[in-house]
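Take a look at the structure below.
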Amino acid sequence: MRFKGSTIFVTGGAGFIGSAVVRHLLRDTHARVVNIDKLTYAANPNSLPGAAQNLNYSFEKQCICDGAGLRRLFEKYQPDAVMNLAAESHVDRSIDGPGEFIQTNIVGTFTLLQETLRHWRTLSPEKREQFRFLHISTDEVFGSLGDDGFFTETTAYAPNSPYSASKASSDHLVRAWRETYELPTLVTNCSNNYGPYHFPEKLIPHMIIKGLAGEPLPVYGDGKNIRDWLYVEDHAKALTLVLERGVVGETYNVGGRNERTNMHVVETICDLLDEIAPGAQGARRSLITFVADRPGHDRRYAIDASKLERELGWNAQETFESGIAKTARWFCDNRPWWQAILDRGYQRARIGLG
Ligand SMILES: NC(=O)c1ccc[n+]([C@@H]2O[C@H](COP(=O)([O-])OP(=O)(O)OC[C@H]3O[C@@H](n4cnc5c(N)ncnc54)[C@H](O)[C@@H]3O)[C@@H](O)[C@H]2O)c1
């Protein structure tokens, strides 16, 4: 009876990973879930089919930078845990407009910590002991790796983009609220996610949608940047496990041991689309073009997730090959989900050149 009788706040629950967490909690646990989301361009209530009819689900349109609004929600729902996924998350957007990243990722996390602390201090000693604040972060806080080595939980922070710098700042705040005020916090740092309901601006959905349309497939730089890919549902399960069994004050790296160059990812998508949706354009690999690189583009990320595997028994269920095949199939079968995003004006134009 996982999380029976518990109320969990999920901030950013209408986004890509947050919606996977909400779907997982509603499907596989007994938790009562309150989704707190400002509904920015990246949010999509259509990523939560059936949630509105679920008695264990509530939605609150709320910005995490608004302390009074958050306080009202803490008083209304009396949560037992907070999972913080609300964020501005796209590196290219952070290059063109870092202000929103500073606001949501840093000021928002600070405000959420303050209101969580206020609530936590009203709880009985027993409830205070059980309470958890899980902050969801990224491996990008560690910067860029050379040809070998992995990010571990003790790797020094060295963020290179406004996005990763804002996430690094928020991680430090979470740690400080634990050390200074004893708020029971945990942090996870995860590698690149992909899967269903991924907003079309990110590499994998962008390439699938362009590939389906027979349009040029723009690869940044030389295409040799390496990311360590994790299927989003594996991430959602890892987060739930850390919330349930993680040791307070610890950080956990989450990753699928699936290092691939961007070029390999795009070529795999081409081959899958050729199989699933053959078109007049012929082999889609011929659509690949190289475009100017992202400024400050980190070369390689690779996560050592052995602490999470060893201590909490988590393992990724999907390999890159199985996950990318499911993802390509999902985008082919769920065109109305992404077509609605394009129809409401998302341009897919190149941004983030600095
Ligand atoms: N996408 C990845 O590959 C990845 C990898 C590791 C970690 N992360 C982290 O996971 C978290 C979720 O990432 P994602 O890819 O789902 O992001 P996303 O951009 O898809 O979704 C973010 C959600 O947060 C909401 N939001 C934004 N600002 C808000 C605010 N001020 N108040 C309340 N809600 C707000 C948005 O409306 C949206 O629903 C982020 O913290 C991100 O840093 C992402």
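Relative to its residue count, the range 181-322 spans a Cα convex hull of 123 Å³ per residue. As a rough guide to protection, the peptides 275-285, 192-202, 298-308 ranked by mean Cβ packing within 10 Å, highest first, stand as 192-202, 298-308, 275-285.
From the alpha carbon centroid of the range 180-205 to that of the range 206-223 is 23 Å. Just check the range 281-339 against the gyration tensor rule for me: Cα atoms, a ≥ b ≥ c as the square roots of the eigenvalues, rounded for a/c under 1.5, and otherwise prolate or oblate depending on whether a/b exceeds b/c. Oblate shape, in that a/c is at least 1.5 and b/c is the bigger or equal ratio. For the chain, find the longest principal axis of its Cα atoms and tell me its angle to the long axis of helix 232-245, 0 to 90°, nearest 10. Orientation of helix 232-245: about 20 degrees from the principal axis. Of the residues Ser164, Gly143, Leu183, the one whose Cα sits farthest towards the positive end of the charge dipole of the range 101-242 is Leu183 (charges of +1 on Lys and Arg Cβ, -1 on Asp and Glu Cβ, taken about the Cα centre). Among beta bridges identified by DSSP and lying wholly in the range 135-262, the antiparallel ones come to about 25 percent. Taking packing as the residue-averaged number of other Cβ atoms within 10 angstrom, the listed peptides 140-151, 5-16 run from highest to lowest as 5-16, 140-151. In this label model, Asp96 and Lys224 are separated by 2.9 nm, measuring between points 7 Å along each Cα→Cβ vector.
With the contact rule set at Cα under 8 Å and sequence spacing of 6 or more, what percent relative contact order holds for the chain?
Value for the chain: 18 percent.
Both radii come from the Cα set of the range 1-153: Rg as radius of gyration, Rh as Kirkwood radius; their ratio Rg/Rh reads 0.99. A simple spin-label model places the labels of Thr7 and Glu75 1.3 nm from each other, with each point 7 Å out along Cα-to-Cβ.
What FRET efficiency would be calculated for the residue pair Val107, Ala280, taking the C-beta separation as r and a Förster radius of 41 Å, to the nearest 0.05?
Computed FRET efficiency for Val107 and Ala280: 0.25.
A Cβ-based charge dipole, computed about the Cα centre of the chain with Lys and Arg at +1 and Asp and Glu at -1, lands at about 880 debye. Karplus-based coupling profile of the range 334-341, in residue order and whole Hz: 10, 4, x, 4, 7, 4, 4, 5, with θ = phi - 60° in 6.51 cos²θ - 1.76 cosθ + 1.60 and x standing for Gly or Pro. Scaled to the globular estimate 2.2 N^0.38 Å, the Cα spread of the range 240-279, given as radius of gyration, is 2.00. Relative to one another, the C-alpha centroids of the range 114-162 and the range 38-103 are positioned 17 Å apart. Restricting the range 207-251 to trypsin sites (Lys or Arg not before Pro) that sit in a DSSP loop and have at most 15 other Cβ atoms within 10 Å of their own Cβ leaves Lys224. Residues of the range 262-280 falling in the label zone of Arg329, defined by backbone nitrogen less than 18 Å from a point 7 Å along Cα to beta-carbon, are 268-278.
Overall, the range 214-334 carries a charge dipole of about 180 debye about its Cα centre when +1 sits on the Cβ of Lys and Arg and -1 on the Cβ of Asp and Glu, all other atoms neutral. Between the helical axis of 320-333 and the longest alpha-carbon principal axis of the chain there is an angle of about 80 degrees. Using the Cβ-Cβ distance between Phe290 and Glu311 with R0 = 51 Å, the FRET efficiency computed as 1/(1 + (r/R0)^6) comes to roughly 0.75.
Calculated FRET efficiency, Leu117 to Gln53, Cβ-Cβ distance, R0 = 30 Å: about 0.30 to the nearest 0.05. Looking at the range 1-65, the trypsin sites (Lys or Arg not before Pro) that sit in a DSSP loop and have at most 10 other Cβ atoms within 10 Å of their own Cβ are Lys4. By the Kirkwood approach, averaging reciprocal distances over each pair of separate Cα atoms, the chain gets a hydrodynamic radius of 20.7 Å. Quick one: Debye curve from the alpha-carbon atoms of the range 98-157 only, equal weights, vacuum; give me log10 I(q)/I(0) at q = 0.12, 0.21, 0.24 Å⁻¹ to two decimals. Scattering profile of the range 98-157, log10 relative to I(0): -0.50, -0.92, -1.00.
In the context of the full set of protein chains, the chain has a per residue accessible area of 41 Å² (1.4 Å probe).
The values are calculated or read from the model by the stated rules, or taken from the named source; none is laboratory data. It should be emphasised that the depicted structure is a prediction, and the values quoted were computed from it without experimental measurement. Positions of Cβ are backbone-derived with ideal geometry, glycine not excepted, and every protein chain shown enters the neighbour counts. When the accessible area is computed, the model is the full protein with side chains, heavy atoms only, and any ligands, DNA or RNA have been set aside. Shrake-Rupley method; radii C 1.70, N 1.55, O 1.52, S 1.80 Å.
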